[in-house]
């Protein structure tokens with residue numbers, strides 16, 4: 001699907017808004033299917049057909065190896081455990097893959113009555129194209145993609161009552177498991193704020209990850225602190241590619257209000273064509289949030305935010321104690337004109353040039369409390 005000479009590729013948006021209800025129905029259905037399977041085994045046991053677990057697993061393994069994609073992993077090596085998150089675009093479980101601690105997002109487009117076979121085939125095809133791109137990503141600030149399973153009779157969830165087999169149309173994405181989230185880390189430090197060195201380190205991690213994604217022609221489209229994870233050494237890693245899209249060469253092909261209010265660029269809120277610069281805008285909001293350890297626009301409703309950002313050029317209030325070096329990065333990133341926003345590699349350079357040796361910002365060198373000039377209540 002290449003368009004033009006610049007090599008940009010586009011994949012269709014994946015719509016998984018009803019995933020939670022679907023998975024709950026499937027879990028109930030899976031219990032019934034398991035009971036029926038056991039009844040069938042009792043009947044077949046009186047014949048000469050070999051249905052021993054070893055024979056069944058061998059047959060499944062042979063079929064798997066025959067059709068295996070480069071990014072596809074062996075479902076028999078995956079153990080899916082407890083739910084750790086539920087959201088608009090999927091249900092995430094803790095799990096193990098070949099003894100590695102992983103996070104598993106379950107997806108299902110096959111619920112009866114919701115989509116036609118043609119729609120399901122189209123969604124699967126688009127998803128496979130996206131997975132093929134994700135599989136090749138390799139950067140220290142991007143959550144490691146391990147693999148995916150495009151439906152398998154061997155997919156099971158480990159519960160207190162034993163293993164539950166999932167319907168064969170359920171697919172899953174497997175990524176490395178990371179213990180912490182950037183959003184929760186900022187909330188914990190809301191009162192005392194973060195040292196300036198930590199602010200720049202977190203911001204640089206995020207900027208470098210986004211710069212890498214853009215170099216691979218990928219627009220995240222939902223950049224926010226909730227979608228950033230932290231490993232044990234407090235390194236930021238970009239996660240949740242549920243609405244990520246390979247960038248189109250024609251901006252008119254990138255439309256739709258995709259993202260999270262408060263972080264969405266004006267052109268996205270307006271439903272206008274956009275490109276990777278929408279991620280740069282969102283980064284500017286994240287940078288403010290990392291610096292302030294606070295929520296942007298806490299006193300405004302969703303509709304007020306949308307109107308004020310687009311029509312009144314509203315942005316989060318930058319504290320007076322904020323060093324000009326970092327305030328300048330915020331302002332340039334959230335410029336109303338996408339063409340005036342810097343590329344993410346330029347943002348990386350600007351952040352790397354900031355001197356953090358003398359401290360500064362929300363925590364003065366000689367005291368360990370928040371900046372006195374930062375007002376609690378803010379609004380337009």
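Values in this text are rule-based calculations from the coordinates and carry no lab data. None of the values given here were measured: they were computed from a predicted structure. Here the Cβ is made from the backbone with ideal geometry for all residues, glycine too, and neighbour counts use every protein chain on show.
Ranking 127, 196, 283, 302 by Cβ neighbours within 10 Å, fewest first, what do you get?
The order, fewest Cβ neighbours first, is 302, 127, 196, 283.
In nm, to one decimal, how far is the modelled label at residue 86 from the one at residue 231, with both set 7 Å along Cα→Cβ?
Here the answer is 3.2 nm between the modelled labels.
Run through all the Cα pairs of the stretch 117-221 and give the fraction in each 5 Å bin from 0, expressed as whole percent.
Percent of Cα pairs in each bin: 2, 9, 14, 15, 16, 13, 12, 9, 6, 3, 0.
Taking a cut-off of 20 Å, what percent of all Cα-Cα pairs in the stretch 280-338 are separated by more than that?
Looking at the stretch 280-338, the distances longer than 20 Å represent 22 percent of pairs.
Could you tell me, in Å, what Rg and Dmax come out for the Cα atoms of the stretch 180-352?
Taking only Cα atoms of the stretch 180-352, I get Rg and Dmax of 15.0, 45 Å.
If each residue of separation counts as 0.36 nm, what is the full-extension length gain between residue 345 and residue 129 once their alpha-carbon separation is subtracted?
Taking 0.36 nm per residue and subtracting the Cα distance, the gain is 75.2 nm.
Report the extension gain between residue 139 and residue 120 in nm, rounded to one decimal, defined as 0.36 nm multiplied by the number of residues separating them, less their alpha carbon distance.
Details: separation 19, 0.36 × 19 = 6.84 nm, distance 3.16 nm.
Residue separation times 0.36 nm, minus the Cα-Cα distance, leaves 3.7 nm.
What nm value, rounded to one decimal, do you get for the distance between residue 158 and residue 76 when each label is placed 7 Å out toward the C-beta?
Placing both labels 7 Å along Cα→Cβ, they lie 1.8 nm apart.
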